[in-house]
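The values are calculated or read from the model by the stated rules, or taken from the named source; none is laboratory data. Because the structure is predicted, anything quoted here is derived from the model rather than measured. Methodologically, a virtual Cβ is constructed for each residue, glycine included, from the backbone with ideal geometry; neighbour enumeration extends over all protein chains shown. For accessibility, only protein heavy atoms count, side chains too; no ligands or nucleic acids. Shrake-Rupley method; radii C 1.70, N 1.55, O 1.52, S 1.80 Å.
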Amino acid sequence: MSIPFFAQVNSYFDKAARHTDHDPGLLQQIRACNTVMRVAFPLERDDGTIEVIDGWRAQHSTHRAPTKGGIRYSLMVDEDEVMALAALMTYKCALVDVPFGGAKGGVRIDRTSYSDGELERITRRFTFELFARNLIGPAVDVPAPDYGTGPREMTWIVDTYTTLAPSQIDAAGCVTGKPVSQGGVRGRTEATGLGVYYAIREACSVAEDMKALGLGTGVEGKTAVVQGLGNVGYHTAKFLQEAGALLVGLAEAEGAIQDARGLDVDAVVAYRKETGSILDFPGATNLPTNAAALELECDILVPAALENQVTRENVDRVRAKLIAEAANGPTTTEANDALLARGVLQLPDMYTNAGGVVVSYFEWVKNLSHVRLGRMGRRFEQASNLKILHAVEALTGRRLDDATLTGAAVAAGEQDLVRSGLEDTMVEAYGELREIARREQVDLRTAAYIEAIDKVARTYGERGIFP
Ligand code: NAD
């Protein structure tokens, strides 16, 4: 029997807590899941029959408000899963300095079995169930996309919330991952995948760590396998490919393909859209199962689908040198230990996929300020840059041509600012993680938990405990 997901998260927590000197009672409080709501609600299906749908929302830690975490649609959703994922959100937010507590929600459905109208009714009713219990709102708890949900579901959520709370001026901040036209922020769609890419790039830039893996520095020329071509996996694959990595294997729900010469992810995704499957992609070889992709020889493995993918059962056959956990919990604790013993570099989920919540934070800030990021200062910044360039011209007696002037005087737009904030966060956090790992002589996952525990403990310590 596999170890329950929340127990796995807690075992990482306990391992890291031994490297801290916080009060044991406080550690128990940090570790506990504060609130779990389970709901069963009716869905009237298109054929008039009634089906009961199960949903959950867990708020792991309210040491900061609002709490934050995605809503997933998957048949694997249960109380244990949302509690584990909510806990990961608490630690992730602390690690990357996003001022939220952790939460997660899920609805137990296979989204492909429902029509668009049915999915809309499920989403709106689940939002209502959250609203009725004060479990959603810009100051309370802010969902986001996750497995099986995306901008469309986020739009239904914000519309339902706004309908229920018409006088709430900050209503748009009740959920993130919205389309830009609905109060979303430019750069959110690709944020998690871009963050995963930055994490890999940072890890690959450290000569000492690469040498230990028998690799040179840089992403360029490295071979990579990506499992799951949804929001996170697709964008990760795309950024890796753009940086010169060779995608030698790709996996989706229906199967996996391999090509040592490298696969073009856009071509594979277009082919899947057309045929309904990645299998038989021209020039590639089909693998016997989708899980077989995890066992391909490669430098970088990116599990970007669901939890419990690298397990005690298959870990000995996993040959990647670096595993970047784009999904949450893709490696079980037993597999984690085996990989550590073999010297495989693991970039932990808590850090690696934090880009989504970082940019969700920027979106929430935008919603509360009611102004597009960069709107106030862009012209001014452009004009200031131009003045500096003209001063340089005056001092040097040389004239710059118009193309150079307009190119150099450019000021940041919303997407530039979002990407700058995301890159800065991922780079800084990697530096901190590596430093803690060296200081404590631990792996990066344990270092991430140590850092997160310290930060949450500091918040409790400074605020005290009510009453
Ligand atoms: P998604 O629904 O957009 O994509 C998941 C993809 O995985 C789908 O295309 C699905 O068909 C595929 N898949 C399912 N089972 C598979 C299997 N056995 N093998 C290969 N592919 C399989 O979901 P997502 O938003 O990309 O989330 C993926 C993971 O990333 C989840 O663990 C989620 O919690 C995590 N995550 C997502 C975000 C985000 O911003 N969306 C942020 C942080 C973490």
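Beyond 25 Å, how much of the Cα-Cα pair distribution for segment 1-157 remains, as a whole percent? Don't skip to the answer; put the middle values down first.
Values: 3831 of 12246 pairs.
Cα-Cα pairs of segment 1-157 separated by over 25 Å account for 31 percent.
What FRET efficiency comes out for D23 versus Q441 if R0 is 30 angstrom and r is the Cβ-Cβ distance? Round to the nearest 0.05. Kindly include the intermediate steps, with their values, before the conclusion.
On the way: r = 24 Å, r/R0 = 0.80.
The formula returns an efficiency of 0.80 here.
Please work out how much length the chain gains when fully extended from D80 to L368, using 0.36 nm per residue of separation minus the C-alpha to C-alpha distance, in nm with one decimal.
On the way: separation 288, 0.36 × 288 = 103.68 nm, distance 3.25 nm.
Contour length minus the Cα-Cα distance gives 100.4 nm.
From the residues A203, T189, C174, which one has its Cα farthest along the dipole of segment 127-232 in the positive direction, the dipole being from +1 and -1 charges on Cβ of Lys/Arg and Asp/Glu about the Cα centre?
T189
Using alpha carbons only, how many angstrom separate the centre of segment 243-277 from the centre of segment 1-78?
33 Å
Please list, in order, the residues from segment 363-387 whose amide nitrogen is less than 20 Å from a point placed 7 Å along the Cα→Cβ vector of D402.
Counting only backbone N, you get 382-387.
Considering only protein heavy atoms, what per residue accessible area in square angstrom results for the chain with a 1.4 angstrom probe? Don't skip to the answer; put the middle values down first.
Values: 19980 Å² over 467 residues.
Each residue of the chain exposes 43 Å² on average to a 1.4 Å probe.
Taking a probe of 1.4 angstrom, what is the accessible area of T285 in Å², to the nearest 10?
Using a 1.4 Å probe on the heavy atoms, I get roughly 80 Å².
With all protein chains present and a 1.4 Å probe, how do E440, E252, E44, E118 order by accessible area, largest first?
Details: E440 50, E252 30, E44 115, E118 10 Å².
Most to least solvent-accessible, the answer reads E44, E440, E252, E118.
Using 7 Å Cα-to-Cβ label points, what is the T163/D280 separation (nm, one decimal)?
Here the modelled spin labels are 4.3 nm apart.
Taking only the Cα atoms of segment 135-288, how large is their convex hull per residue, in Å³?
Values: hull volume 23.6 nm³, N = 154.
Value for segment 135-288: 153 Å³ per residue.
Expressed in whole Å with the largest first, what are the equivalent ellipsoid semi-axes of the chain derived from the C-alpha gyration tensor as the square root of 5 times each eigenvalue? Could you put the intermediate results ahead of the total?
Working: eigenvalues 208, 179, 138 Å².
Gyration-tensor ellipsoid for the chain: 32, 30, 26 Å.
Go ahead and run the numbers for FRET between S11 and V392, Cβ-Cβ distance against an R0 of 56 Å, rounding to 0.05.
0.45
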